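Engineer: Take a look at this one; I'll ask things after.
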């Protein structure tokens, strides 16, 4: 059992699975963006109906409103996060593939990632790239400081959003801050046990008085705050227990740092890693990355 994470991540069939998934999701999402509609619909590929789905994600570009692609996932942010995680894994395993295939797959994935306009995934991708560029230049102490700095973003980001809302009335920003405030209020009222697992939206629908959230009943877009709201101090202790458990494992420090570079932006600016099945599967992949006891040998060049 202790070798299971390593056996899974070093299975070469996983590499081809990553290629297939990235290419499939990217091609579907690129087609969705340029056609501005679902490619084949829910019954064939499981796509959301991008033309008749309430609350669909859009972005104004050059004065024109565009529907953002989500592939066969629930939301563009979910697609973007999955593409980042899969892309990082593929980069680590690029030696299993012909050069042209590895580069081509990563390129098409990058195009799809850009089209999602997912700021959280973009930040995760930038941090992951920064990790690969500087990991061999840092000593162990510097890497620990880097890790602390990365996790400090989980606190800095919601505080920064709360300040930005004072100077910007962008609807997305206002709603995110309002949801974070609801999460904090729920925690203050129920600090020990919280309101209960998966009860945030139910409580919000029953008690909401904020007009900005009337048609935006969603979980808080910050997993630490959402967890505090639903599980309270018990949730904090559970997270601390997980960290202590990981500390006792003979994990590779670089793996923990890389997983943190990806996870922190996603969990600080969205909720799907906690609330959606696809997100929880992504968390499982990140944990597998951390639990591999020996770093996988990466090729020096593509």
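Read the figures in this text as sums done on the coordinates, not as results from a lab. These numbers were taken from a predicted model, which means no experiment stands behind them. Cβ placement follows ideal geometry from the backbone for every residue including glycine, while neighbour counts extend to all protein chains displayed.
Engineer: Contour minus end-to-end for residue 122 and residue 148, with contour as 0.36 nm per residue of separation and end-to-end as the Cα-Cα distance?
Structural biologist: Extra length available between residue 122 and residue 148 comes to 7.3 nm.
Engineer: Beta carbons within 10 angstrom, averaged per residue: use that to sort the peptides 261-267, 197-203, highest first.
Structural biologist: 261-267, 197-203
Engineer: Let me ask something else about it. What is the ratio of the Cα radius of gyration of the chain to 2.2 N^0.38 Å, with N the residue count, to two decimals?
Structural biologist: Dividing the Cα Rg of the chain by 2.2 N^0.38 Å gives 1.03.
Engineer: Taking only DSSP H segments of four or more residues, each worth -39500 (n - 2.57), what value at 222 nm results for the chain once the sum is divided by all its residues, to the nearest 500 deg cm²/dmol?
Structural biologist: -21500 deg cm²/dmol
Engineer: At a Förster distance of 45 Å, what's the computed FRET efficiency of residue 164 paired with residue 16, Cβ-Cβ distance as r, to 0.05?
Structural biologist: 0.60
Engineer: Also, I was wondering about something else. Given a cut-off of under 8 Å on Cα pairs at least six residues apart, what relative contact order in percent is computed for the stretch 91-226?
Structural biologist: Computed value for the stretch 91-226: 19 percent relative contact order.
Engineer: Running a GNM on the chain with Cα contacts under 10 Å, which residue among 178, 220, 130 ends up with the highest mean-square fluctuation?
Structural biologist: Its mean-square fluctuation being the largest, the pick is 130.
Engineer: Please tell me the relative contact order of the chain in percent, rounded to the nearest whole number, where contacts are Cα pairs under 8 Å and at least six residues apart.
Structural biologist: Relative contact order, the chain: 21 percent.
Engineer: Looking at the chain as a GNM with Cα springs under 10 Å, which of 271, 252, 221 has the largest mean-square fluctuation?
Structural biologist: Taking springs between Cα atoms under 10 Å, the residue moving most is 252.
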